[in-house]
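Okay, so here's the structure we're looking at.
No lab work stands behind these numbers, since they all come straight from the coordinates. Just so we're clear, the structure is a prediction, and the values are computed from it rather than from any experiment. Because the Cβ atoms are built from the backbone with ideal geometry, glycine has one as well, and the counts that use them run over all protein chains shown.
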């Protein structure tokens, strides 16, 4: 029988960590782009667009991420389209992330005083121009800290992709445990690696928040 | 022909009717001072003129554009109708010059260099040439309000709406803003001001409008109206604030 040393376990976990990072980055960036589009729709004061985003956000915030992964993985397959765990995980995490980011950012947009909208309206700026030149430059400053904070949730969320067979950190941990029967060691290392990914982000988010408070 | 023509405008917030049939004609070069108690509808009326508020019935035509229509091109209207607010509402992330340059570059598609020249010109007009690159947070209230006026002027408006533009200022800063407005009036700018500065309304205004309970209660030449208010409400109001 194959023997796994501590370093074998660790190096295997670290290889899989790459996929956790890649999946997190893709989910975060694609989710950010979709989230930005949704943000424009959500604050557009055009009723059908607002309703669509509201339902979208309620759905993705109101159901477990695991359900969403299943829906994308098994649901799309029902239509005869073969979906890889990779694609399903990317799609589900992107939509899930976008829903949360839209809500976070909407809060930031709404914290900008109404007078900024009125002044820019009075200068004949269109809605898109107001967002682009007046509102978002101010809102984005406020948004940095909670957005970075939320990226921690995305990293932890990728762990669920293990259940549909995507080999990332958690899945690699499960596989190594099955081979070594040393669950405590394996999962301690898995947890430690997640912590090493997440803690710097949380710490950074707190730091930015503090800095913004001082600026006021 | 009047530049701004307001006909029997009615506006309610829910059950509360704040404009109860207001009619007013404003000609080019008029300096209209709208006075009245808080809640008399004067700010709401002003905000209806550039479409910041909608109204339920009646009509407002500003510079040939019907304001309240379903298909009204508000962008076109607002290019010619400027507005200055009580709270200045400068864009805090932009310098004074950038505040002024924003609308000309974005809306009128003027080049950066040209916009910078416009900014220099209008900021000089309000006496702030040396503050072009200052951020709003580095300016006093009076200076901020003068930048806000310059920002509106950069669009070359045909009418400038001023909504209690000195009310948020410390008393010693009021005059520097009023002087700028007075100079604009002398240059022939059409101004519609909601104001509590009675002396200014009397000395600079060409027309005084006293609003009471959502209606134009009394109007006329400021000096005459102030000297001999016809209605008891205005007599009382002038007695209290004058």
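How high is the FRET efficiency from residue B:76 to residue A:181, r the C-beta distance, R0 60 Å, rounded to 0.05? Please report the intermediate quantities before stating the final value.
On the way: r = 75 Å, r/R0 = 1.26.
So the FRET efficiency works out to roughly 0.20.
For the residues A:117, A:204, what sequence is obtained by ranking on other C-beta atoms within 10 Å, fewest first?
The most exposed by this proxy come first: A:204, A:117.
Pop a pseudo-label 7 angstrom from the Cα along the beta-carbon direction at both residue B:137 and residue A:25 and give the gap in nm to one decimal.
Once both label points are built, they end up 3.4 nm from each other.
Specify the angular offset, from 0 to 90 degrees and rounded to the nearest 10, of the alpha carbon long axis of helix A:6-42 from the longest principal axis of the alpha carbons in chain A.
Long axis of A:6-42 versus the principal axis of chain A: about 20 degrees.
Thinking of the stretch B:146-242 as a set of Cα atoms, what percent of all their pairs are more than 23 Å apart?
Working: 1333 of 4656 pairs.
Pairs farther apart than 23 Å: 29 percent.
Figure the gain on full extension for residue A:33 and residue A:163 (residue separation times 0.36 nm, minus the Cα-Cα span) and round it to one decimal in nm. Walk me through the numbers before you get to the answer.
Details: separation 130, 0.36 × 130 = 46.80 nm, distance 2.61 nm.
Extending this stretch completely gives an extra 44.2 nm.
Among A:7, A:203, which comes first, second and so on when ranked by fewest other beta-carbon atoms within 10 Å?
Working: A:7 8, A:203 11.
Final ranking by Cβ density, sparse to dense: A:7, A:203.
For each of B:140, A:121, B:38, count neighbouring Cβ atoms within 10 Å of the residue's Cβ, then give the residues from fewest to most.
Numbers: B:140 14, A:121 20, B:38 9.
Fewest-to-most ranking of B:140, A:121, B:38: B:38, B:140, A:121.
On a 0 to 90° scale, report how tilted helix A:169-180 is relative to the longest principal axis of chain A, with both axes built from alpha carbons and the result rounded to the nearest 10.
That works out to roughly 10 degrees.
With a 10 Å cut-off between alpha carbons and a GNM built on chain A, which of A:101, A:125, A:25 moves the most?
The residue that fluctuates most here is A:125.
Please identify which residues in the stretch B:1-33 have an amide N closer than 17 Å to a label point set 7 Å out from the Cα of residue B:66, following the Cα→Cβ vector.
Within reach of a label on residue B:66: B:4-10.
What number, in percent, do you get for the relative contact order of chain B if the mean sequence gap of Cα pairs under 8 Å and at least 6 apart is divided by its residue count? Could the numbers behind the result be given before it?
Details: 460 pairs, mean separation 63.5, N = 242.
For chain B, the relative contact order is 26 percent.
Please check: in the Gaussian network model of chain B (C-alpha springs, under 10 Å), which one of B:76, B:98, B:176 has the largest mean-square fluctuation.
Most flexible of the set in this elastic network: B:76.
If I model a spin label as a point 7 Å beyond the Cα along the Cα-Cβ vector, how far apart are those points for residue A:54 and residue A:127 in nm?
If labels sit at residue A:54 and residue A:127, their model points lie 1.5 nm apart.
Which of B:139, B:178, B:153 ends up with the largest GNM mean-square fluctuation for chain B, with Cα atoms connected below 10 Å?
Largest GNM mean-square fluctuation: B:139.
Students often check this: by mean Cβ neighbours within 10 Å, which of B:8-20, A:134-146, A:70-82 ranks highest, and how do the rest follow? Please list the in-between numbers first.
On the way: B:8-20: 15.1, A:134-146: 18.8, A:70-82: 12.6.
Result, highest mean first: A:134-146, B:8-20, A:70-82.
Angle between the Cα long axis of helix A:85-110 and the longest principal axis of chain A, 0 to 90 degrees, nearest 10?
Compared with the principal axis, the helix lies near 30 degrees.
Provide Rg over Rh for the stretch A:12-215; use the alpha carbon set for both Rg and the Kirkwood Rh (inverse mean inverse pair distance). The partial results should precede the final answer.
On the way: Rg = 19.7 Å, Rh = 18.7 Å.
Rounded to two decimals, Rg over Rh is 1.05.
Could you give the semi-axes, largest first, of the ellipsoid that matches the stretch A:38-119, computed as the square roots of 5 times the alpha carbon gyration tensor eigenvalues and rounded to whole Å?
Values: eigenvalues 206, 30, 19 Å².
Value: 32, 12, 10 Å, ordered largest first.
Quick one: pull the percentage of alpha-carbon pairs in the protein assembly as shown with a separation above 32 Å.
54
Post the alpha-carbon centroid distance, the stretch B:1-36 to the stretch B:111-126, in whole angstrom.
Taking the Cα centre of each part, the stretch B:1-36 and the stretch B:111-126 sit 33 Å apart.
Just report the Cα centroid separation between the stretch B:41-85 and the stretch B:174-227, whole Å.
Their Cα centres are 20 Å away from one another.
With equal scatterers on the alpha carbons only and no solvent term, can you work out the Debye log10 of I(q)/I(0) for chain B at 0.08, 0.13 1/Å?
Per q value, in the given order, log10 I(q)/I(0) is -0.30, -0.79.
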